[in-house]
Amino acid sequence: MINFDKYLTEKNILKTLIGFLGFGFLTSLDYTNMFGCVISIEPFWIYKQSVFTIISITLFSYILRSNKILLKQKLILGEAFFWILRIILFKGGYATGFGGDWVNPIVFGYDIISAVLRLCLIFKTFNLSKTKQFYLLGFIILLFFIKIEFFRMPPMTILFHKQDQAKALILRKEMIGNYSGSMKEEGDNQNLSYKKVKVQIDKDSVYISNIDYLDDAYSFVLEYPDYGWFMSNSKFYSISIDKFKNNNLNFTLDDVSNIYKFKLNRKGVNTR
């Protein structure tokens with residue numbers, strides 16, 4: 001019969017946890033903020049929250065090398081509390097799909113394994129009784145229930161989104177004015193020159209002229225400081241703001257089939 005206690009030592013649990021967190025760091029599963037239809041796994045450098053994983057890995061690495069039992073216990077409890085706050089306040093992946101009513105199974109599975117490893121470490125380090133282990137397991141189950149029922153969309157994601165919307169509203173007002181410049185459709189021969197274009201932006205709409213297939217009046221919504229959309233009765237484009245500085249405005253329109261890159265200069269003073 002296999003003696004699991006031989007392998008479930010504090011040192012082995014810590015090494016497994018560190019390795020598992022390293023995997024979560026590289027795949028972004030430990031700190032993803034995916035929500036809605038945005039369910040792709042992005043590289044770690046995209047997310048500021050990746051620093052949280054680095055903190056946990058650093059703490060566990062220190063615990064692995066420390067011989068001070070009381071200090072190790074304090075650090076393990078501190079990291080566990082830190083992890084709980086991360087799950088509730090920051091962790092995405094629990095409100096994905098249309099309507100945000102789908103818990104991503106990969107993210108959820110990762111978090112379950114992460115929780116089990118932390119529980120094993122606490123059980124081993126504190127030598128808890130079976131009763132206390134049962135209560136602690138119940139607490140973790142309750143934690144995930146609360147996360148799924150009340151905090152599917154992380155509170156900090158909601159806060160950051162509101163901050164981005166406020167910045168986008170200010171930026172949208174600053175964009176008002178008359179612009180002229182050039183437009184180039186991606187995929188054109190690189191030797192061809194940009195096509196001349198005029199763009200007028202007011203508080204609600206944007207008007208494009210001099211380009212037959214783009215000439216129109218569009219409603220212009222800026223959802224984030226660098227992203228929004230143009231929409232008319234017959235056309236819809238997502239817009240990415242590439243540059244807006246010193247009356248220079250560069251942006252990209254995308255309707256899935258075509259991509260148009262604009263380089264514009266504002267004429268005169270911005271009148272609001």
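The values are calculated or read from the model by the stated rules, or taken from the named source; none is laboratory data. This structure is a prediction, so every number in the text was calculated from the model and none was measured. All Cβ positions, glycine included, derive from the backbone under ideal geometry; neighbour counts span all protein chains shown.
Some notes on this structure:
Residues are listed down the side, and each one gets a yes or a no for (1) part of a helix (DSSP H, G or I); (2) under 21 Å from Gln49 (Cα atoms); (3) modelled with pLDDT of 95 or more:
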| site | (1), (2), (3) |
| --- | --- |
| Leu137 | yes, no, yes |
| Ile140 | yes, no, yes |
| Leu143 | yes, yes, yes |
| Lys147 | yes, yes, yes |
| Arg152 | no, yes, no |
| Met156 | yes, yes, no |
| His161 | yes, yes, no |
| Asp164 | yes, yes, no |
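- Residue within segment 93-110 that is crowded, with 18+ Cβ neighbours inside 10 Å, out of contact with any Asp or Glu (no Cβ under 6 Å at 6 or more places or on another chain) and among the acidic types (Asp, Glu) present: no
- Count - residues of segment 206-227 that are at pLDDT 95 or above and small (Gly, Ala, Ser): 1
- Restricting Ile208, Ile201 to those that are within 19 Å of Glu185 (Cβ to Cβ) and crowded, with 17+ Cβ neighbours inside 10 Å reduces the list to Ile208.
Matching residues to (1) touching a residue at least 60 places away in the same chain (Cβ under 8 Å); (2) more than 16 Å from Thr252 (Cα to Cα):
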site	(1), (2)
Lys162	no, yes
Ala168	yes, yes
Asn178	yes, yes
Glu186	yes, no
Asp204	no, yes
Asp212	no, yes
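- Residue in segment 27-37 that is at pLDDT 95 or above, in the same structural domain as Ala115 (by TED's automatic domain parsing), within 20 Å of Pro105 (Cα to Cα) and hydrophobic (A, V, I, L, M, F, W, C) present: no
- Restricting segment 83-131 to residues that are over 14 Å from Ser56 (Cβ atoms) and of a type in the set (Ser, Thr, Tyr), the residue that is modelled with the lowest pLDDT: Thr96
- Among residues of segment 56-73 that are free of Cβ contacts under 8 Å to residues at least 40 places away in the same chain, those with a beta-carbon under 9 Å from a residue that is assigned to a loop (DSSP other than H, G, I, E, B) and surrounded by 12 or more Cβ atoms within 10 Å (Cβ to Cβ) at least six positions away or on a different chain give the pairs Ser56/Asp30.
- The set of residues from segment 216-272 being out of contact with any Leu (no Cβ under 9 Å at 6 or more places or on another chain), more than 16 Å from Val199 (Cα to Cα) and not charged (D, E, K, R) comprises Tyr224, Tyr227, Asn233, Ser234, Phe236, Asn246, Val256, Ser257, Asn258.
- Only one of the numbered conditions (1) without any contact (Cβ under 8 Å) to a residue 40 or more places away in the chain; (2) surrounded by 15 or more Cβ atoms within 10 Å (Cβ to Cβ) is not met by Leu249, and that is (1).
- Annotation note: Cβ proximity below 9 Å between a residue of segment 219-240 that is in contact (Cβ under 8 Å) with a residue 24 or more places away in the chain and a residue that is assigned to a loop (DSSP other than H, G, I, E, B) and of a type outside the set (A, V, I, L, M, F, W, C) (sequence gap 6+ or interchain) occurs for Phe220/Asp202; Phe220/Asp204.
- Qualifying residue in segment 256-272 (condition: free of Cβ contacts under 8 Å to residues at least 40 places away in the same chain, more than 29 Å from the chain's Cα centre (by Cα) and surrounded by 13 or more Cβ atoms within 10 Å (Cβ to Cβ)): no
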